[in-house]
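The values are calculated or read from the model by the stated rules, or taken from the named source; none is laboratory data. Given the structure is predicted, the values throughout are model-derived calculations rather than measurements. Here the Cβ is made from the backbone with ideal geometry for all residues, glycine too, and neighbour counts use every protein chain on show.
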Amino acid sequence: MNVGQILTLAANKFPERAALLFEDKKHTFKEFNQRSNQFAQSLLRLGLQKGEKVAVLLYNSNHFVETYLGTAKAGGVFTPINFRLAAEEVLYILDHSDARFFVYGEDFIPLVQSIRSRIAKIEYYLSTGKDPCGRDLHYETLLAESGNDEPNILVSEEDECQLMYTSGTTGKPKGAVITHGNVLWNLFNTIIGREEKEGEVSLVIGPLYHTAALNNHFTLRVALPGTSILIKTFDPGQIMEIIAREQATVISGAPAVFHLLLALPDIEKYDTRSITKCTTGASILPDESKARLLKLFPNIKGIYDVYGCTEASPSVTILKAEDSLRKRESVGPPLPFVQVKVVDEKDREVPVGEVGELICQGPNVMKGYYKDAQATREALKGGWLHTGDLARLDEEGFVYIVDRKKDMIISGGENIYPREIEEVLYRHPKIQEAAVIGAPDPLWGESVKAFVVLKEGAAMSAEEVVEYCKSLLASYKKPKSVEFLAALPRNPSGKVLKTLLRDEH
């Protein structure tokens, strides 16, 4: 079994069912499969060898998912590039990945042209725009000249499927090598953890170059033949209109997505009764926001909270809807085909309730980092993926993420976990978002600094924030300084860029 076969099976079973909705066009599973086959045949005609990388710089679109599954069928390794990256960062990934094939959209012509003279390894440029530059190949013309038969390429679960570059917030991005087997086992885990059903209509809001959107939100919907509504650019009002018009049943996103939806001034006017499942991940979704979402989507039973990382393809734990209010702040138990442990600095398990690093093991865990043996050894030490996240387990085996290991604050010899303080800040009715870091302190080594985003129209002083925290936390945990921001800096997966906060503030 391989990832490309997922689409083939869906097309054979439900050829006329809507697979994709993108902008004003619908693609059936039959059409989607044929175009993916045409892309696969195009790659093979150009000389793609099994295991070669196919780099892609595209927004969420039918082109993106056609190149993804076409690459999988042809035996290539799909290498999506974050479209928010600067030109130099794109150049680094193109060079580091050793890709010979590069598909890019019309929106990125200026970026590609700015680095073109320094791109050394790309041999074939494929443009999805109407007017390709110079001698670049035209995507639609290439497909029209290729057959739509299933490629006769033997691809197994052990073969590499995706090269997913991490966000690179602490240095150069690393390329996680994800096999076909990794993706398939992640599907099993996520389908069980999110209690997924066949035929759902799902909004794909997150960028597909990220494993959560690609493997959990999109590939899952192909595996359980349903409809994916591909969102190119996020607009809260447009999302609400799409839900009503297309009768979407599943909505997934980082907390920032839901905060923006909830901030719409006339949110109650939209018909949201079709939504029966709401999932989140990447960072904290405050209890207040969960309560508001339960009112916004009256037919959901709770919020599914997914915890994972790129290196795990990505799912590790999922908190089911029925537990979303019972197990506050938890990200759920480990998924069926995943083992987790919470360990100390010497990889010894710590007692229940104590904080340590969360490590995991399972068939969804990556093969390693591309061309980085040392980083692979460190990440997969002892055969376990070291997530770098600090966590604790309760008596029922539910996982609670305390913080990133590198984000822990040590003040006067006391360990302070920013997430604990952030949870308190999120409870305040005037605060929309918050992030906490350790700031250099000449006396204590580090002190607590809070960055706060207030809700629209709210006013609050730094002193009020400090006093509020003091009433709910030990005195040494309260912020020593508070800074108000219009918005928190985030990476494309929705995680707050604390490195940027430290550098700038």
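A few points about this structure:
- Of the residues making up the stretch 370-423, those that are under 25 Å from I437 (Cβ atoms) and among the acidic types (D, E) are E378, D389, D403, D407, E414, E420, E422, E423.
- Subset of the stretch 8-20 that is in contact (Cβ under 8 Å) with a residue 60 or more places away in the chain and under 14 Å from G199 (Cα atoms) - its residue that is surrounded by the most Cβ atoms within 10 Å (Cβ to Cβ): A19
- Residues satisfying the criterion are present in the stretch 141-154 (criterion: at pLDDT 95 or above, under 27 Å from K232 (Cβ atoms), of a type outside the set (A, V, I, L, M, F, W, C) and part of a helix (DSSP H, G or I)).
- Among the candidates A312, A291, the residue that is buried (at least 22 other Cβ atoms within 10 Å of the Cβ) and hydrophobic (A, V, I, L, M, F, W, C) is uniquely A312.
- Only one of the listed residues (L358, L425) is crowded, with 16+ Cβ neighbours inside 10 Å and either assigned to a helix (DSSP H, G or I) or in contact with a helix residue (DSSP H, G or I) (Cβ under 6 Å, 6 or more places away or on another chain) (or both). That residue is L425.
- Count of residues meeting criterion [within 18 Å of H386 (Cβ to Cβ) and in a loop (DSSP other than H, G, I, E, B)] in the stretch 399-416: 1
- Segments classed as strands (runs of 3 or more DSSP E), wholly inside the stretch 50-116, with at least 1 members that are closer than 24 Å to G134 by Cα and either under 19 Å from the mean Cα position of the chain (by Cα) or free of Cβ contacts under 8 Å to residues at least 12 places away in the same chain (or both): 53-57, 77-80
Each row is one residue, and each column tells you yes or no for (1) in contact (Cβ under 8 Å) with a residue 60 or more places away in the chain; (2) closer than 19 Å to K290 by Cα; (3) of a type in the set (A, V, I, L, M).
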| residue | (1), (2), (3) |
| --- | --- |
| V222 | yes, no, yes |
| T227 | yes, no, no |
| L230 | yes, no, yes |
| D235 | no, no, no |
| R245 | no, no, no |
| V250 | no, yes, yes |
| R273 | no, yes, no |
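- For the stretch 340-355, filtering for residues that are in a loop (DSSP other than H, G, I, E, B), surrounded by 13 or more Cβ atoms within 10 Å (Cβ to Cβ) and charged (D, E, K, R) leaves 1.
- Among the candidates E463, E467, E456, the residue that is within 33 Å of the chain's Cα centre (by Cα) and of a type outside the set (A, V, I, L, M, F, W, C) is uniquely E456.
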